[in-house]
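What follows is a set of notes on a single structure, which appears directly below.
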Amino acid sequence: MIPKFRCLLIDDEPPALEVLRTYIATLPTLEVVGECHHALAAFEFLRQHPVDLLFLDIQMPRLLGTEFLKALPNPPRVIFTTAHRDYAVEGFELGAVDYLLKPYSLERFLRAVHKVLDLEQRQAPTPGRKESLHAADERFLYVRADRKMVKIMVDEIQYIESLKDYVKIVTTRQVITKQTITALEEMLPEEDFMRIHRSFIVAVKKIDSYSQHAVFMGKTELPVGPLYKQEIMKRLNKVGVNDATD
C-alpha cells in the first residue's frame, strides 16, 4: 500500500473546506489529517502532527495565511486557496507551489496537486515514506471522463492528442477528457514527455524512430510541428532514438 500525502486544511469558511474535502477524496494519494479555521489553531496542530501539504487560505481572522507561512520554521509544501488575487506574487515569493483562486475547478485543483507530486518526484529519494510513494512505476494521474475520475498510469501513456476543448490520452486504451493539452502537459514529468506539435505530446521512451516531419511509434505516425522541430531533433539525438531518414 502506497503511503499518502497528509494534508492540513486551513480556512475560516466551511464551504471552502467542503470543496477541498470533496476534491481531495478523488485522489488516493492524499488524505485529510486535520482542519483548522484560523492560523493559530494550525500552529498548534503542526506542533503535534506530521503534515506533508498545506491548503492555506490567506484572508483569515487573527493572522493572514501569508503571515502564518512566514512564521513557520520548516513549512511543508503549500498551496494557497483564496478569493483574493492580490496576494499571488507574495504567495509565490514565499515558496508556495501553487495559488488557487476561488472558486476553482476540480481540473485546476488537480493541476496544483500534480505540481506538488512532480516536485517531490524530482527530489532525490529518501529512505522510507517518500521513496516508496514516488517509485517510478507508481506514478499516475486522474482525469475526468465518462462522469467519473479515471486513473491513468503515467508510464503507460504513449501520446496525447488535442481535440479542441478535449484531449485524447492514448495508452493501451483511449481516454477522452475535457481540458486543454497545455494543462495536461503541466501535470506530466517533462523528462519523460515532449511536445512535438501544438496538438501532440509524446512519451519519449515510446518513440521508435523519427524524421524531420514525424515521429513513429509502431504503426502510429505523429506530425512534428515546425516550431518544435529543432528542440525535438536535439533531444532525440541525445537519447539515441533512431533517425528514420538514415
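The values are calculated or read from the model by the stated rules, or taken from the named source; none is laboratory data. Keep in mind that what you see is a predicted model, and the values were worked out from it rather than measured. Virtual Cβ from ideal backbone geometry, glycine too; neighbours counted across all protein chains shown. Accessible surface is based on the protein model in full, side chains and every heavy atom, while ligands, DNA and RNA are left aside. Shrake-Rupley method; radii C 1.70, N 1.55, O 1.52, S 1.80 Å.
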* Select from region 147-186 the residues that are hydroxyl-bearing (Ser, Thr, Tyr) and part of a loop (DSSP other than H, G, I, E, B) and write down the one among them that is most open to solvent (accessible area, probe 1.4 Å). => Thr172
* Asked: If you take the residues in region 5-19 that are assigned to a strand (DSSP E or B) and more than 18 Å from Gly65 (Cα to Cα), which one is least open to solvent (accessible area, probe 1.4 Å)?
  -> Phe5
* Asked: If a residue has to be open to solvent by 60 Å² or more (accessible area, probe 1.4 Å) and in contact with a Lys or Arg (Cβ under 8 Å, 6 or more places away or on another chain) to count, how many in region 217-240 make the cut?
  -> 2
* Structure fact -> Checked pairs for region 223-234, first on the phi < 0 side of the Ramachandran plot and assigned to a loop (DSSP other than H, G, I, E, B), second open to solvent by 100 Å² or more (accessible area, probe 1.4 Å) and of a type in the set (Ser, Thr, Tyr), C-beta under 7 Å and 6 or more apart or across chains, list as none
* Is there a residue being without any contact (Cβ under 8 Å) to a residue 24 or more places away in the chain and more than 16 Å from Val97 (Cα to Cα) anywhere in region 26-38? -> no
* Asked: Of the residues Arg77, Arg62, Arg47, Arg85, which is of a type in the set (Lys, Arg), at pLDDT below 95 and under 19 Å from the mean Cα position of the chain (by Cα)?
  -> Arg77
* Sort out for me the helices (runs of 4 or more DSSP H) sitting completely within region 36-110 that have 3 or more residues that are open to solvent by 60 Å² or more (accessible area, probe 1.4 Å) and closer than 13 Å to Ile10 by Cβ. => 39-48
* Structure fact -> Residues in region 20-35 that are of a type in the set (Gly, Ala, Ser) and part of a helix (DSSP H, G or I) total 0
